[in-house]
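Undergrad: Below is one structure. I have some questions about it.
The values are calculated or read from the model by the stated rules, or taken from the named source; none is laboratory data. Computed from a predicted model, the values in this text were never measured in an experiment. We place every Cβ from the backbone using ideal geometry, glycine too, and count neighbours over all the protein chains shown.
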Amino acid sequence: MKYLAWLLKAAIFFTLFAFALNNQQDVTVHFFFGTAWTAPLVLVVLAAFAAGLVIGALGMVPRWWKHRKAARVARGAADTQAAPSTLIGQGTPPDGL
């Protein structure tokens, strides 16, 4: 199974490498107010992918904060409701990531 995973990773790498080699032509990306950026196509695709990752991660942050706050409140309520004898010998629960 380990060799199959490495084979799949190698196939993905060589496919992306071939994509990069086949897309070295210069392209021009036109922005607002007459500005433009000229770069190889593979860099433009990579930049768009990276920007999508960053925007997606930033879009998840408010919901992540909300869930962490709700978990902290729920954990605090559970700690105050539990009898002191039930908490002896138990560590605090992990905070997640």
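Undergrad: Count, please, the residues in the stretch 1-42 that happen to be in contact with a strand residue (DSSP E or B) (Cβ under 9 Å, 6 or more places away or on another chain) and not acidic (Asp, Glu).
TA: In the first step, residues of the stretch 1-42 are kept if they are in contact with a strand residue (DSSP E or B) (Cβ under 9 Å, 6 or more places away or on another chain); the result is 20, 23-31, 36-41.
Remaining after also requiring not acidic (Asp, Glu): 20, 23-25, 27-31, 36-41.
Here the count works out to 15.
Undergrad: For Val61, indicate whether it is touching a helix residue (DSSP H, G or I) at 6+ places or on another chain (Cβ under 9 Å), hydrophobic (A, V, I, L, M, F, W, C) and either free of Cβ contacts under 8 Å to residues at least 60 places away in the same chain or exposed (fewer than 10 other Cβ atoms within 10 Å of the Cβ) (or both). First the steps, then the outcome.
TA: Values: touching a helix residue (DSSP H, G or I) at 6+ places or on another chain (Cβ under 9 Å): no; hydrophobic (A, V, I, L, M, F, W, C): yes; either free of Cβ contacts under 8 Å to residues at least 60 places away in the same chain or exposed (fewer than 10 other Cβ atoms within 10 Å of the Cβ) (or both): yes.
Criteria not met by Val61.
Undergrad: Separate question: Which of the residues belonging to the stretch 9-28 are among the β-branched types (Val, Ile, Thr) and surrounded by 13 or more Cβ atoms within 10 Å (Cβ to Cβ)? Spell out the reasoning first.
TA: Taking the stretch 9-28 first, the residues among the β-branched types (Val, Ile, Thr) are 12, 15, 27-28.
Val27, the sole residue that qualifies.
Undergrad: Check whether at least one residue in the stretch 34-50 is closer than 22 Å to Phe19 by Cβ, touching a Ser or Thr at 6+ places or on another chain (Cβ under 7 Å), modelled with pLDDT of 90 or more and not basic (Lys, Arg), and report yes or no.
TA: For the stretch 34-50, residues closer than 22 Å to Phe19 by Cβ, touching a Ser or Thr at 6+ places or on another chain (Cβ under 7 Å), modelled with pLDDT of 90 or more and not basic (Lys, Arg): present.
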